[in-house]
1. Taking R0 as 22 Å, what's the FRET efficiency between residue 97 and residue 60 from their Cβ-Cβ distance, rounded to 0.05?
2. What percentages make up the Cα-Cα pair-distance distribution of region 71-148 when the bins are 5 Å wide from 0?
3. If we sort 115-124, 164-173, 85-94 on the protection proxy, mean other Cβ atoms within 10 Å, highest first, what's the order?
4. From the phi of every residue in region 110-116, what ³J(HN,Hα) in whole Hz does the Karplus formula 6.51 cos²θ - 1.76 cosθ + 1.60 yield, where θ is phi - 60° and glycine or proline is x?
5. Please turn the phi angles of region 82-91 into ³J(HN,Hα) values with the Karplus equation 6.51 cos²θ - 1.76 cosθ + 1.60 (θ = phi - 60°), one per residue in order, whole Hz, x for glycine and proline.
6. Reported to two decimal places, what Rg/Rh ratio describes region 45-183 when computed on Cα atoms with Rh from the Kirkwood expression?
7. Students often get this wrong, so check it: of 49/147; 80/110; 116/147; 110/147, which have C-alpha atoms separated by over 25 Å?
Amino acid sequence: MPLGLVTDDEFDFVIDGSIKPSQPVVAEIIPLHDKSRGLGNNQVPEPLKKVIIDEAITGTPAKELSDIFGISQSSISAYKVGSTSTASYHSPNGSLTKHIKSTRERIASKASRVLKQSLDGMTEEKLNNLGPVNASVVARNMSAIIKDMGPNDVDEVNIQQNVIYYAPRLRSEDEFESIKLNE
C-alpha cells in the first residue's frame with residue numbers, strides 16, 4: 001500500500017480486510033508551492049532579507065543575526081548595502097535599496113524628533129552654567145549630530161577615472177651622434 005491519504009473504506013480494508021475499496025488505491029503527488037524555499041534551495045526570501053536588514057541597521061550584531069537566521073555574516077553585510085549576495089555586492093537590488101533607504105529615513109526621523117526635544121530643553125542659561133569642559137562635550141556631540149544628519153556620501157558610489165599622459169623626454173641636438181657623409 002503506497003503512503004498517502006486514504007479513504008475510510010481503504011483504511012478498514014488494510015486493517016482487517018473486511019471491506020474492499022471501491023476504487024483502486026492511487027498515490028497522489030502533491031507539488032510544493034513555489035512560495036517556500038523548498039528542499040535544497042538555500043536562497044533567503046526577500047521579506048526575510050528585509051527583516052535582517054532592519055535588524056542589522058538598528059545595531060543587532062551580525063554574529064547574532066547569523067546564529068538566529070542561519071546565514072553567513074558576509075551575506076548579512078551584503079544585505080546591508082542592498083545586494084542579494086556577496087557576488088552581487090557592487091550591483092544592489094532595487095527593492096532592497098528602497099527598503100534600506102526607508103528604514104534609514106524612519107530611524108533618522110525618530111532621531112531628529114528626539115534631537116529637537118533635547119535642543120528645546122537647552123537654554124542659554126544652562127549652557128553658560130555648564131563650564132568649559134561640559135560645553136565642549138555638548139559642542140562636539142552637536143557637531144556629530146549635524147554630520148550624521150547631513151547627506152550620506154557612503155551610500156553613493158563614486159567612480160573616479162584617472163587619465164595619465166605619457167610624453168617622451170625632450171632631448172637636445174647635442175645628445176645625438178652626428179655622422180659626416182661625403183657627397
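1. Values: r = 20 Å, r/R0 = 0.90.
Computed FRET efficiency for residue 97 and residue 60 comes out at 0.65.
2. 3, 13, 15, 15, 11, 10, 10, 8, 7, 6, 2, 0
3. Numbers: 115-124: 10.1, 164-173: 5.1, 85-94: 12.3.
Highest-to-lowest ranking by the protection proxy: 85-94, 115-124, 164-173.
4. 5, 5, 5, 5, 5, 4, 4
5. After applying 6.51 cos²θ - 1.76 cosθ + 1.60, I find x, 8, 8, 7, 5, 5, 9, 4, 9, 10 Hz.
6. Working: Rg = 28.4 Å, Rh = 20.4 Å.
When Rh is taken as the Kirkwood radius, the ratio is 1.39.
7. Beyond 25 Å between Cα atoms: 49/147.
No lab work stands behind these numbers, since they all come straight from the coordinates. Values in this document were obtained by computation on a predicted structure and should not be read as measured data. Glycine also receives a Cβ, built like all others from the backbone with ideal geometry; neighbour counts cover every protein chain displayed.
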